[in-house]
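Peer 1: Okay, here's the structure, questions in a sec.
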Amino acid sequence: MADVLAVDRLTVALPPGSDRDHAVEDVSLKVGAGEIVCVVGESGSGKSVTAFTVMGLLPREVKPVGGSILLEGEELLSATPRRMRELRGARMAMIFQEPMTALNPVKTIGDQIEETLTVHTNMSSAERRARALETVEAVHLPDPQRILNAYPHQLSGGQRQRAMIAGALVLDPALLIADEPTTALDVTTQAQILKLVAELRARRGTGVLFITHDFGVVAEIAHRVVVMQKGRVVEQGPADDVLNRPQHSYTQMLIGAVPSLTPPARAPLDASPVVLQTKNLCKTYASGGLFQKKHVTRAAQNVTIDVRRGETVGIVGESGSGKSTVARCVARLIDPTSGEIAIDGVDYAKASERVLRPQRKRMQIVFQDPYRSLNPRRTVARSLIEAPVNFGMGEQAALSRARDLLALVGLSPSALDRYPHQFSGGQRQRICIARALMVEPEVLIADEAVSALDVSVQAQVLKLLDDVRARFHLALLFITHDLRVAAQICDRIVVMQKGTVVEQGATAEIFAAPQHPYTKALFAAAPGKHIGSKVTA
Amino acid sequence: MSAEPAPSIAIAPKRKSAFLSEPAILIPSVVLGLLVLVALFAPFLGTIDPTQFDPTLRNKLPGHVGTVRALDGTETPFVYRMGTDNLGRDIYSRVIYGTRISLIVGALVALVSTILGLTIGLVAGYVRWLDGFVMRIMDGLMAIPPILLAIALVSLSRAGLVAVIIAIAVPDIPRVVRLVRAVVLSIREEPYVEAAITAGTPTPTLLVRHILPNCIAPLIVQATFVCASAILVESILSFLGVGLPPEEPSWGNIMAAGRQYFRIFPHNILFPGIFIAATVLCVNVLGDALRDRLDPKLRKRV
């Protein structure tokens, strides 16, 4: 197998004053024709920098200082900008994580695909149109003629990513670089895109450099795997070897941290009382008004969920399923349209803010994005004591409680006087959990609380959530799109689709024998089913 | 459970001292500082009463040597550095005293419109049901040409400094409101604001504690532009004869008085014109430089 891409001892320097000298150091990897090579690593591992260096898309401040990159035997690091332009699109192409921002919103899909042909070939307009149509058919987009005339916002996320792939492959490049192409997509869409990439590779013999953080995806499509950590390659080899017999301790740790899709046995719940109860909860959004047609969106319909004390109930579903709407209604960050939400039998679905405020300490929430969950201008101490002081606790008492809780979540009390930007994402999420616990809530809502974290940190935060749930006997409402995470932490699971609950039951039962077709489709789409380990057991 | 390693992202060192070493901030600051001193110490800068007129000394050229008659009839020699106007008033004294009026108008208009705009903007951005109502009023205000609105407001009361300041500030308020509302609308969606809501923080505290600090930087920038435009509008109103009473030494009034003769005696308009141009230029340059410094979106990223 001829090498399409050969990266040899590549070193890329970062500008002075960065946290390390080199973005990547001594990176060597090869991609053969018709081969899928996955580069995996956590954030900051240098995997994207490697891809951008190959494409010649690095920012001006970041420079390759050593090594070589050969594309079909041609050196890229010394290529002129003009030559790089000829190669990009024709011999190598790239697709990105977020197809909405990677496509130009004011040009049709057809125009964008044809642009590559206009730049690189002398085809007539009719030939270009025919070629674009052919490519769009090849990526299995429905109604190709209509797609060519559509604008990006008229397509779904999966369709946009297909259109991106069509644009990248229109000139049959030897190398396709995919930078986390499925990370922003729902799991069922992801499965389709992965299938498409594998199929196109087999049919056209394209070499694929696939960058991802998700070992499930790696297990699904990779021929060979390159594991990167802090800018260096720590391990590479055939997928089977790396995934099943990892040699390097970092690879072992990464794979060990991937939650398994098989739920662990959980201690059976005693007959604890139901704390949180929603009954026929509905939330509809009406847009439009005076000048536009009324448009009603049903974000949640007749959602009925119980959570017992000490129990973790997971709400899983894809984007737009209404799972976050339910969480935000329960926290009363948005007002439900109808239905009941009760803690200990006291309905607060329609309570006014004045009546509600004293009740707020009973339900606390941890959000997805640890970088935006803490006010950047306030010290950790002031963020932590805000709630208890609001509810009438003395400042000194609140501070001493904050110290205890920081210790509980694994941070030193010195963290109190520091600002959020001085902490990593995982540490901030610990602070957010501590903040939620400050008022001794009965219900803790975790809205995608571990989704933004690297897999190794994710495992630790999951364990912490499970620990505090057991310790404080909390009712934990856990919102996630990630079946692996749900399998590990939830006692019961509620599956939502398009605003309605389609199935709910004990985690083990649902994972063993899903009943609803949507649940079955969700499980079937989960990549890399056999890998992963138990986090909490 | 073990704590995670220290954060790997190095924190860029803060460089406060570099703030004043930037020429775009330093030079206008120094010039404006000098103008403030001039305004404060106007009586000690070799000036005479700016309203005193002398029919024998009309339309004298700059550098004219004449005498000044005091109230008790004694006469002292005096150099009219910038000449005199058509009523024989000393233009130098009027320009120096005019600095006071222009700076007071600029600063107070900026203060009044910022405070009112901030309050209205916070409420409109946060209280959803008030938003439509408040913003339509603001749209209505913005639809009226600001100068015409100011003229209308001045004519409602007796012309005076307070009336002029209010008349200039009111048309500027909608611009500040829009700015603050936009910031509030984006910040209120931040999870840390939602966390504060679930923490039971009362709404006024929430606004002041979590949302207001994000408005300060864009407001400072906006305030400088309001200040510059207020100085100009005051001159325009005075020039049109609807601002301060004509005997008040404002730069606009000096130019209004000199307008009819400026082909023969251009010094009537030249000197106050230089002062207005310099002041407004400095305030605008300072505002631009502050925006580059304070707006994180414009800051260069690596």
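Peer 1: What is the one condition in (1) farther than 30 Å from B:His64 by Cβ; (2) in a helix (DSSP H, G or I); (3) free of Cβ contacts under 8 Å to residues at least 40 places away in the same chain; (4) open to solvent by 20 Å² or more (accessible area, probe 1.4 Å) that B:Ala277 does not satisfy?
Peer 2: Status for B:Ala277: all satisfied but (1).
Peer 1: Something else now. Looking at (1) away from chain B (no Cβ under 13 Å); (2) under 26 Å from A:Ser260 (Cβ atoms); (3) open to solvent by less than 30 Å² (accessible area, probe 1.4 Å), which one does A:Gly426 not meet, given that it meets all the others?
Peer 2: Here A:Gly426 clears every test but (1).
Peer 1: Next question, about the same structure. May I ask you to list the residues in the stretch A:70-83 that are surrounded by fewer than 16 Cβ atoms within 10 Å (Cβ to Cβ) and closer than 19 Å to A:Val208 by Cα?
Peer 2: Within the stretch A:70-83, A:Gly73, A:Glu74, A:Glu75 meet the criteria.
Peer 1: I've got another one for you. Tell me which residues, restricted to the stretch B:57-85, are exposed (fewer than 11 other Cβ atoms within 10 Å of the Cβ) and at negative phi. Show your work before the answer.
Peer 2: Restricting attention to the stretch B:57-85, the residues satisfying the condition of being exposed (fewer than 11 other Cβ atoms within 10 Å of the Cβ) are B:65, B:71-77.
Within the stretch B:57-85, B:Val65, B:Leu71, B:Asp72, B:Thr74, B:Glu75, B:Thr76, B:Pro77 meet the criteria.
Peer 1: Taking the conditions exactly as written (in a loop (DSSP other than H, G, I, E, B) and either under 29 Å from the mean Cα position of the chain (by Cα) or over 30 Å from A:Ala286 (Cβ atoms) (or both)), does A:Arg372 satisfy them or not? It would help to see each step written out before you state the result.
Peer 2: Working: in a loop (DSSP other than H, G, I, E, B): yes; either under 29 Å from the mean Cα position of the chain (by Cα) or over 30 Å from A:Ala286 (Cβ atoms) (or both): yes.
Spelling it out, A:Arg372 is indeed in a loop (DSSP other than H, G, I, E, B) and either under 29 Å from the mean Cα position of the chain (by Cα) or over 30 Å from A:Ala286 (Cβ atoms) (or both).
Peer 1: Just one of the numbered conditions (1) in contact (Cβ under 8 Å) with a residue 12 or more places away in the chain; (2) open to solvent by 60 Å² or more (accessible area, probe 1.4 Å); (3) within 30 Å of A:Thr11 (Cα to Cα) is not true of A:Ala93; which one?
Peer 2: Unmet condition: (2).
Peer 1: With the structure loaded, tell me whether A:Arg298 is open to solvent by 10 Å² or more (accessible area, probe 1.4 Å), in contact with a Leu (Cβ under 7 Å, 6 or more places away or on another chain) and more than 14 Å from every other protein chain (Cβ to nearest Cβ) or whether it fails that test. I'd like the intermediate steps shown before the answer.
Peer 2: Working: open to solvent by 10 Å² or more (accessible area, probe 1.4 Å): yes; in contact with a Leu (Cβ under 7 Å, 6 or more places away or on another chain): no; more than 14 Å from every other protein chain (Cβ to nearest Cβ): yes.
It is false that A:Arg298 is open to solvent by 10 Å² or more (accessible area, probe 1.4 Å), in contact with a Leu (Cβ under 7 Å, 6 or more places away or on another chain) and more than 14 Å from every other protein chain (Cβ to nearest Cβ).
Peer 1: If A:Met363 passes every condition in (1) more than 13 Å from every other protein chain (Cβ to nearest Cβ); (2) open to solvent by less than 50 Å² (accessible area, probe 1.4 Å); (3) closer than 21 Å to B:Thr201 by Cα but one, which one does it miss?
Peer 2: (1)
Peer 1: Being over 33 Å from the mean Cα position of the chain (by Cα) and among the β-branched types (Val, Ile, Thr) is the filter here; which residues of the stretch A:347-365 pass it?
Peer 2: A:Val355
Peer 1: Within the stretch A:150-159, which residues are open to solvent by less than 30 Å² (accessible area, probe 1.4 Å) and closer than 28 Å to A:Ser43 by Cβ? Steps first, please.
Peer 2: From the stretch A:150-159, those open to solvent by less than 30 Å² (accessible area, probe 1.4 Å) are A:150, A:152, A:155, A:157-158; that's our starting set.
Across the stretch A:150-159, the qualifying residues are A:Pro152, A:Gly157, A:Gly158.
Peer 1: Pull up the stretch A:429-468, narrow it to residues that are among the charged types (D, E, K, R) and more than 28 Å from A:Gln252 (Cα to Cα), then point me to the one that is nearest to the other protein chains (Cβ to nearest Cβ). Outline the logic, then answer.
Peer 2: First, pick out the residues of the stretch A:429-468 that are among the charged types (D, E, K, R): A:430, A:435, A:440, A:442, A:447-448, A:454, A:463, A:466-467.
Still in the list and also more than 28 Å from A:Gln252 (Cα to Cα): A:435, A:440, A:442, A:447.
On the way: A:Arg435: 7, A:Glu440: 13, A:Glu442: 13, A:Asp447: 9 Å.
That would be A:Arg435.
Peer 1: If you take the residues of the stretch B:205-243 that are at pLDDT below 90 and under 30 Å from A:Leu356 (Cβ atoms), which of them is farthest from the other protein chains (Cβ to nearest Cβ)?
Peer 2: Of everything passing the filter in the stretch B:205-243, B:Cys215 is farthest from the other protein chains (Cβ to nearest Cβ).
Peer 1: So, A:Gln252, is that one out of contact with any strand residue (DSSP E or B) (no Cβ under 9 Å at 6 or more places or on another chain) and within 17 Å of A:Pro99 (Cα to Cα) or not?
Peer 2: Numbers: out of contact with any strand residue (DSSP E or B) (no Cβ under 9 Å at 6 or more places or on another chain): yes; within 17 Å of A:Pro99 (Cα to Cα): no.
No, not satisfied.
Peer 1: Let me ask something else about it. Yes or no: the stretch A:336-347 includes at least one residue that is open to solvent by less than 50 Å² (accessible area, probe 1.4 Å), within 19 Å of A:Gln504 (Cα to Cα), of a type in the set (A, V, I, L, M, F, W, C) and not in a strand (DSSP E or B).
Peer 2: no
Peer 1: Would you mention how many residues in the stretch B:236-261 are crowded, with 24+ Cβ neighbours inside 10 Å, in a helix (DSSP H, G or I) and of a type in the set (S, T, N, Q)?
Peer 2: 2
Peer 1: Within the stretch A:128-145, can you find the residues that are at negative phi and either among the aliphatic types (A, V, I, L, M) or surrounded by fewer than 13 Cβ atoms within 10 Å (Cβ to Cβ) (or both)?
Peer 2: Of the residues in the stretch A:128-145, the ones at negative phi are A:128-139, A:141-142, A:144-145.
Within the stretch A:128-145, A:Ala130, A:Ala132, A:Leu133, A:Glu134, A:Val136, A:Ala138, A:Val139, A:Leu141, A:Pro142, A:Gln145 qualify.
Peer 1: If a residue must be without any contact (Cβ under 8 Å) to a residue 40 or more places away in the chain, more than 24 Å from B:Pro202 (Cα to Cα) and either more than 10 Å from chain B (Cβ to nearest Cβ) or open to solvent by 10 Å² or more (accessible area, probe 1.4 Å) (or both), how many such residues does the stretch A:410-422 contain? Break it down into steps so the answer makes sense when it comes.
Peer 2: Let us first name the residues in the stretch A:410-422 that are without any contact (Cβ under 8 Å) to a residue 40 or more places away in the chain, namely A:411-418, A:422.
Restricting the remaining residues to those that are more than 24 Å from B:Pro202 (Cα to Cα) gives A:411-415, A:417-418, A:422.
From the residues that got through so far, the ones that are either more than 10 Å from chain B (Cβ to nearest Cβ) or open to solvent by 10 Å² or more (accessible area, probe 1.4 Å) (or both) too are A:411-414, A:417-418, A:422.
The qualifying residues number 7.
Peer 1: Which one is farthest from the other protein chains (Cβ to nearest Cβ) among residues in the stretch A:302-335 that are open to solvent by 10 Å² or more (accessible area, probe 1.4 Å) and assigned to a strand (DSSP E or B)?
Peer 2: A:Asn302
Peer 1: Residues being aliphatic (A, V, I, L, M) and within 14 Å of chain B (Cβ to nearest Cβ): count how many of those fall in the stretch A:342-351.
Peer 2: Within the stretch A:342-351, the first condition is being aliphatic (A, V, I, L, M), and the residues that meet it are A:342-343, A:346, A:349, A:351.
With within 14 Å of chain B (Cβ to nearest Cβ) added as a condition, the list becomes A:343, A:351.
Residues in the stretch A:342-351 being aliphatic (A, V, I, L, M) and within 14 Å of chain B (Cβ to nearest Cβ): 2 in total.
Peer 1: While we're looking at this one, here's another question. Could you go through the stretch B:184-203 and let me know if any residue there is surrounded by fewer than 18 Cβ atoms within 10 Å (Cβ to Cβ), within 14 Å of another protein chain (Cβ to nearest Cβ), without any contact (Cβ under 8 Å) to a residue 40 or more places away in the chain and in contact with a helix residue (DSSP H, G or I) (Cβ under 8 Å, 6 or more places away or on another chain).
Peer 2: So far as the stretch B:184-203 goes, yes, one or more of its residues are surrounded by fewer than 18 Cβ atoms within 10 Å (Cβ to Cβ), within 14 Å of another protein chain (Cβ to nearest Cβ), without any contact (Cβ under 8 Å) to a residue 40 or more places away in the chain and in contact with a helix residue (DSSP H, G or I) (Cβ under 8 Å, 6 or more places away or on another chain).
Peer 1: Moving to a separate point now. Residues of the stretch A:390-409 being crowded, with 19+ Cβ neighbours inside 10 Å and either touching a residue at least 60 places away in the same chain (Cβ under 8 Å) or at the interface with chain B (Cβ under 9 Å from one of its Cβ atoms) (or both), which ones?
Peer 2: A:Asn390, A:Val409, listed by residue number.
The values are calculated or read from the model by the stated rules, or taken from the named source; none is laboratory data. Bear in mind the structure is a predicted one, so any value in this text is a computation, not a measurement. All Cβ positions, glycine included, derive from the backbone under ideal geometry; neighbour counts span all protein chains shown. Protein only, heavy atoms only, side chains kept; ligands, DNA and RNA dropped before computing areas. Shrake-Rupley method; radii C 1.70, N 1.55, O 1.52, S 1.80 Å.
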